[in-house]
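Asks: I'd like to ask some things about the structure below.
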Amino acid sequence: MECVVSAVVEKRLGALPVAAEFLRRLDVAGTVDRLCPGRDIAHLTHGQVIETLVANRLTAPAPLWRVDDWAREWAVEEVFGIEPELLNDDRLGRALDAVAPHLTELTDSIGARAIGEFGIDISTCHWDMTSISLHGAYPADDQDEDYPRIKHGHPKDRRYDLKQIQTGLAVTGNGGIPLLSRVIDG
């Protein structure tokens, strides 16, 4: 019996199947697609793009303009069924723009799903706030009213000369699993 190998393709697998399974159990793509529907002519839904981008962040973070290279090197097509060429920076940007106005609903929905899916104990949660100081003017008239306002506040780094925004994260008491987050005015 003769065996002929005409080509060998080698791709990295790493934790990609594990990330994909957790993303599917959390229904990340479905949640994104329900809250941020895309156009019918798109090759990928926003949910598929975000799910793949999360997998990238978890396995081998790459700049947005290099995610398609990551997808070629890793078994993204085999695990997610997505051709690497479809994950260009323009497509990633459109998906991120689509989810931006819905971040609170997305994180809350996925956090609630995680509680039910994995039986996470939420009898005790810890809320941590931090301020993020920013350099620059950020005039109030130039800021979008639909997003947290950059302004002076009570910064944790004691840089009262800088404007800021604040962010909070709620995590479980028995393992620090993040459940919800908020970004609020400075």
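The values are calculated or read from the model by the stated rules, or taken from the named source; none is laboratory data. The model shown is predicted, which means the values in this text are computed figures rather than measured ones. Note that we place each Cβ from the backbone using ideal geometry, even for glycine, and neighbour counts take in every protein chain shown. Surface areas here come from the heavy atoms of the whole protein model, side chains and all, with no ligands, DNA or RNA. Shrake-Rupley method; radii C 1.70, N 1.55, O 1.52, S 1.80 Å.
Asks: Could you give the angle, 0 to 90 degrees to the nearest 10, between helix 16-25's Cα long axis and the longest principal axis of the Cα atoms of the chain?
Replies: Roughly 60 degrees, rounded to the nearest 10.
Asks: Moving on. What is the gain in length, in nm to one decimal, between Arg34 and Glu73 on full extension, counting 0.36 nm per residue of separation less the C-alpha to C-alpha distance?
Replies: Working: separation 39, 0.36 × 39 = 14.04 nm, distance 3.04 nm.
Length gained, Arg34 through Glu73: 11.0 nm.
Asks: At most 10 other Cβ atoms within 10 Å plus a DSSP loop assignment makes a site exposed; report the longest stretch of the chain without any exposed GluC sites (Glu not before Pro). Before the final figure, lay out each step's value.
Replies: Details: sites that count: Glu2, Glu10, Glu145.
Looking at the chain, 11-144 is the longest stretch - no exposed GluC sites (Glu not before Pro) with at most 10 other Cβ atoms within 10 Å.
Asks: I've got another one for you. Provide the three semi-axes, in whole Å and in decreasing order, of the ellipsoid equivalent to the range 101-173 as defined by the square roots of 5 times the Cα gyration tensor eigenvalues.
Replies: Numbers: eigenvalues 196, 57, 8 Å².
So the equivalent ellipsoid measures 31, 17, 6 Å along its semi-axes.
Asks: Have a look at Ser109, Leu180, Leu162 and report the one farthest towards the positive end of the charge dipole of the range 102-186, computed about the Cα centre with Cβ charges (Lys/Arg +1, Asp/Glu -1).
Replies: Leu162
Asks: Along the range 111-128, what does the Karplus equation 6.51 cos²θ - 1.76 cosθ + 1.60 (θ = phi - 60°) give for ³J(HN,Hα), rounded to whole Hz, x for Gly and Pro?
Replies: These are the phi-based 3J(HN,Hα) values: x, 5, 5, 4, 4, x, 5, 10, x, 6, 6, 10, 5, 10, 10, 10, 10, 10 Hz.
Asks: Which ³J(HN,Hα) values, rounded to whole Hz and listed in residue order, are derived for the range 171-182 from phi using the Karplus coefficients 6.51, -1.76 and 1.60 in 6.51 cos²θ - 1.76 cosθ + 1.60 with θ = phi - 60°, glycine and proline given as x?
Replies: So the Karplus estimates, Gly and Pro as x, are 10, 5, x, 10, x, x, 7, x, 10, 8, 9, 9 Hz.
Asks: Averaged per residue, what accessible area in Å² does the chain show with a 1.4 Å probe, protein chains only?
Replies: Numbers: 11750 Å² over 186 residues.
On a per-residue basis, the chain sits at 63 Å².
Asks: Give the accessible area for Phe80 in Å² (nearest 10); use a 1.4 Å probe, count only protein heavy atoms, and leave out ligands, DNA and RNA.
Replies: Ignoring ligands and nucleic acids, Phe80 comes out at about 30 Å².
Asks: A further question on this structure: When 1/r is averaged over all different Cα pairs and the result inverted, which Kirkwood radius in Å belongs to the range 1-42?
Replies: Details: mean 1/r = 0.0711 Å⁻¹.
After inverting the pairwise mean of 1/r, the radius is 14.1 Å.
Asks: I'd like to compare 25-32, 169-176: which one has the highest average count of other Cβ atoms within 10 Å, and what's the full order after that?
Replies: Working: 25-32: 19.2, 169-176: 13.6.
The most tightly packed comes first, giving 25-32, 169-176.
Asks: Counting every Cα pair in the range 46-93, what percent are over 11 Å apart?
Replies: On the way: 696 of 1128 pairs.
Result: 62 percent of Cα pairs exceed 11 Å.
Asks: Would you compute, for the Cα atoms of the range 1-86, the largest minus smallest coordinate along each principal axis and list the three values in descending order, in whole Å?
Replies: For the range 1-86, the Cα spread along each principal axis is 55, 28, 27 Å.
Asks: Right, another one. Once the dipole of the chain is set up with Lys and Arg at +1 and Asp and Glu at -1 on Cβ about the Cα centre, which of Gly81, Gly119, Ile132 lies farthest towards its positive end?
Replies: Farthest towards the positive pole: Ile132.
Asks: Right, another one. Treating the beta-carbon of each Lys and Arg as +1 and of each Asp and Glu as -1, no other charges, what is the dipole magnitude of the chain about its Cα centre, to the nearest 20 debye?
Replies: Details: 19 positive and 30 negative charges, 133 e Å.
Dipole magnitude for the chain comes out near 640 debye.
Asks: Here's a follow-up. Once the Cα gyration tensor of the range 64-130 is found, what semi-axes does its equivalent ellipsoid get, as square roots of 5 times the eigenvalues, in whole Å, sorted largest first?
Replies: Working: eigenvalues 193, 58, 26 Å².
The answer is 31, 17, 11 Å, longest axis first.
Asks: Taking amide H positions as placed in the peptide plane 1.01 Å from N, state which residues far from Cys125 in sequence (5 or more) or on other chains have amide H under 5 Å from it.
Replies: Amide H to amide H, under 5 Å and 5 or more residues apart or across chains, Cys125 pairs with Gly173.
Asks: Could you work out [θ]222 nm for the chain from helices alone, using -39500 (n - 2.57) per DSSP H run of at least four and dividing by all its residues? Round to the nearest 500 deg cm²/dmol.
Replies: -11500 deg cm²/dmol
Asks: Show me, bin by bin at 5 Å from 0, the whole-percent P(r) of the range 38-186 based on Cα pairs.
Replies: 2, 8, 13, 14, 14, 17, 15, 11, 4, 1, 0
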